[in-house]
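Student: Following this message is one structure expressed as structure tokens.
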Amino acid sequence: MDANPSGGVGDATPRTTRSSAPSSASARDELAQRVTELLVKHRWATVVPIVLPLSKGYDLVWRFRNVWMRNRQRAAHRHDERVRSVQSQIAAWNAAGRPGPLVTSRKSWQSVAVRALDYKKTSYGIEVDLHDVLEIDLERHVVRLEPRVNMGQLTALLAPMGLTVPVVPELDDLTAGGLLLGYGIESTSHRHGLFADTVLAAELVLADGSVVTCSRTERPDLFHALPWSYGALGFLTALELPLLPCKPFVRMTYEPVFGTDAIARRFEELVCSGDAPDHVEGLLYDRDRAVLLHGDFSDGPGGASDEPVDPIGRWYKPWFYKHVETALSRGAFTEYLPVRHWYHRHTRSLYWHGELLVPFGNHPLFRHTLGWLMPPKVSFMRLTQTKRIREYRDARNVVQDGLVPMRHLREGIDVFHELFECYPLWLCAHKTFRTKPPGMLQPSPDAGDDEMFVDIGAWQVPRKVRRGESWNGRDAVRKMEAWLRARNGVQCLYAVTEQTREEFWQMFDPTLYHEARRRYGAEGAFLDVFDKVKRPGR
Ligand SMILES: Cc1cc2nc3c(=O)[nH]c(=O)nc-3n(C[C@H](O)[C@H](O)[C@H](O)COP(=O)(O)OP(=O)(O)OC[C@H]3O[C@@H](n4cnc5c(N)ncnc54)[C@H](O)[C@@H]3O)c2cc1C
């Protein structure tokens, strides 16, 4: 991989030239631009001494809080009380004549999404602080959660009990509510679909303050309208997920594949075969060099097996995508990974974003001394960056995922290369189901009851930027969006969409979303999904 050793996106930045008689405003601008370049180029100077310790401290406080609430405060028993608090806030909003659209009062910086959530400033915030696992029902094999339970919290509770949920999106901080109402995917999604497809039931507070539940059989219109709605239908207060037995290890094979055709063909073969492995993931290190990861849950090495156990999640171990990359030179290999290490394999290095924040973060010296502090919290990174830094970074970075039917993967690799040329490029397959009634994302019209899709994820500095060539990020994203629309694909909405409202509703099916908004009184009450995810000012 051609990572810029300084992580210096700023290296490629054309400097502002000084005019012969600069006005004081342009001199101030130039100074601000230079300071921004410096701050971005040496991001580690704030990340390592400030953001990392803050992140670790925050994590420890929350870990302690979760154990305390579960064991001492019996938080689960107070769920109804917390829901009543949401209801009474909505009653106050209704009584005040509905002053502004409803949103959660969760601070903009606390979300993992990369968008600036400017709409929060002009909306009416309701505190929906619901952080607890409510019930683990071993008879029904169901876990009931509040929406702000995150994936790290959930697997820490379930894995020691030999249990898991079908889809565990990798980053510890992703919340169950955000994953249902937005999107969530993982290496098991070729079997189970997106996170939302695995949800059994949901509980919401609507705009009139009533509490309703929904599932595939109870209010299916509301239930199937939830995924991708981004909170536009009501406040989610609980959800249920199925519990599956979970073995302590994953036996993982790292298979290098060379040539774009071969990569696309092999990936499709792996996920679409009748006996597909439990987990499949692909990392492309260039358009024609990839490592495909595939493996099954396992009890661990037994008998004469000489395949090692590799605790890849420990703080001193190489970052996971770097470890995977070694398969390109050493050839295929197989090892056993402790199951939570596998689930959260990309957390420590924030996939490959960590190298932009701490360019020496994968150096053995850093790993063995300060590696335990990683990763910086995405939310604290957001908190410590100014609007100018965000704009500067946005113009030189791509953070986008496109979901398209698997048959377009080969073409998609070329499209992403032409538009972004940034590596690693992430591949993760997911089954898309035709629901009744149909929601915002559906299989292609000519497909059957389900269709295999692939998520192509580009999150890096494009090589053009690294080479100092001009690159228009907004234009590239618009081209990606047009390509997705033409292929029955969709863009993931944690990122900014450059589409117009009309284009957005060509990409997603609007029918059920709008019907459910009307039927459940959300119109004029909750902020519309497009208004949340659009480029501000569009
Ligand atoms: C750095 C990064 C890494 C990521 N990694 C992964 C990954 O590994 N796997 C993956 O699948 N996805 C990943 N994503 C995308 C992620 O799935 C989405 O951002 C997702 O929506 C979850 O984010 P969140 O928990 O921060 O939810 P939020 O962004 O907080 O919530 C999503 C939306 O739902 C609304 N909402 C949340 N809770 C409620 C509620 N109780 N009631 C009503 N509305 C509510 C929010 O207002 C918001 O509009 C990543 C995104 C980023 C930026």
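The values are calculated or read from the model by the stated rules, or taken from the named source; none is laboratory data. On a predicted model such as this, the values are computed, not experimentally measured, just so you know. Here the Cβ is made from the backbone with ideal geometry for all residues, glycine too, and neighbour counts use every protein chain on show.
Student: From the set of residues in the stretch 329-351 that are modelled with pLDDT under 95 and among the aromatic types (Phe, Trp, Tyr), which is nearest to GLY302 (Cα to Cα)?
Tutor: Per the criteria, the residue is TYR343.
Student: List pairs: first residue in the stretch 449-469 and within 13 Å of HIS430 (Cα to Cα) and at pLDDT 95 or above, second residue more than 16 Å from the ligand (Cβ to nearest atom) and in a helix (DSSP H, G or I) anywhere in the structure, Cβ distance under 7 angstrom, at least six positions apart or on different chains.
Tutor: MET452/VAL271; MET452/CYS272; MET452/MET406; PHE453/MET406; VAL454/MET406; VAL454/LEU409; ILE456/GLY412; ILE456/PHE416
Student: Still on this structure, I have one more. All but one of (1) assigned to a helix (DSSP H, G or I); (2) modelled with pLDDT under 95; (3) surrounded by fewer than 21 Cβ atoms within 10 Å (Cβ to Cβ) hold for LYS532; which doesn't?
Tutor: Result: LYS532 fails condition (3) only.
Student: Can I ask one more? Looking only at residues in the stretch 217-240 that are free of Cβ contacts under 8 Å to residues at least 60 places away in the same chain and over 22 Å from the mean Cα position of the chain (by Cα), which one is surrounded by the most Cβ atoms within 10 Å (Cβ to Cβ)?
Tutor: Taking the candidates together, the pick is ARG219.
Student: Please go through the stretch 155-171 and give me each residue that is buried (at least 20 other Cβ atoms within 10 Å of the Cβ) and either assigned to a loop (DSSP other than H, G, I, E, B) or within 12 Å of the ligand (Cβ to nearest atom) (or both), ordered by number.
Tutor: The answer is VAL165, VAL167, VAL168, PRO169, GLU170.
Student: Please work out if ALA201 is more than 10 Å from the ligand (Cβ to nearest atom) and among the aliphatic types (A, V, I, L, M).
Tutor: For ALA201, the condition - more than 10 Å from the ligand (Cβ to nearest atom) and among the aliphatic types (A, V, I, L, M) - is met.
Student: Of all residues in the stretch 34-61, which are without any contact (Cβ under 8 Å) to a residue 24 or more places away in the chain, in a helix (DSSP H, G or I) and surrounded by 13 or more Cβ atoms within 10 Å (Cβ to Cβ)?
Tutor: Listed by number, the residues that qualify are ARG34, VAL35.
Student: If you go through the stretch 477-494 one residue at a time, do you hit one that is within 16 Å of the ligand (Cβ to nearest atom) and small (Gly, Ala, Ser)?
Tutor: Within the stretch 477-494 (the criterion being within 16 Å of the ligand (Cβ to nearest atom) and small (Gly, Ala, Ser)), the answer is no, since none of the residues qualifies.
Student: Right, something else. Hey, can you tell me all the residues within the stretch 135-154 that are touching an Asp or Glu at 6+ places or on another chain (Cβ under 9 Å) and either under 22 Å from HIS341 (Cβ atoms) or within 14 Å of the ligand (Cβ to nearest atom) (or both)?
Tutor: VAL143, LEU145, GLU146, ARG148, VAL149, ASN150, MET151, GLY152, GLN153 - these are the residues of the stretch 135-154 that are touching an Asp or Glu at 6+ places or on another chain (Cβ under 9 Å) and either under 22 Å from HIS341 (Cβ atoms) or within 14 Å of the ligand (Cβ to nearest atom) (or both).
Student: Further question: Taking GLU240 as the residue in question, decide whether it is under 16 Å from VAL133 (Cβ atoms) and charged (D, E, K, R).
Tutor: Against the criterion (under 16 Å from VAL133 (Cβ atoms) and charged (D, E, K, R)), GLU240 qualifies.
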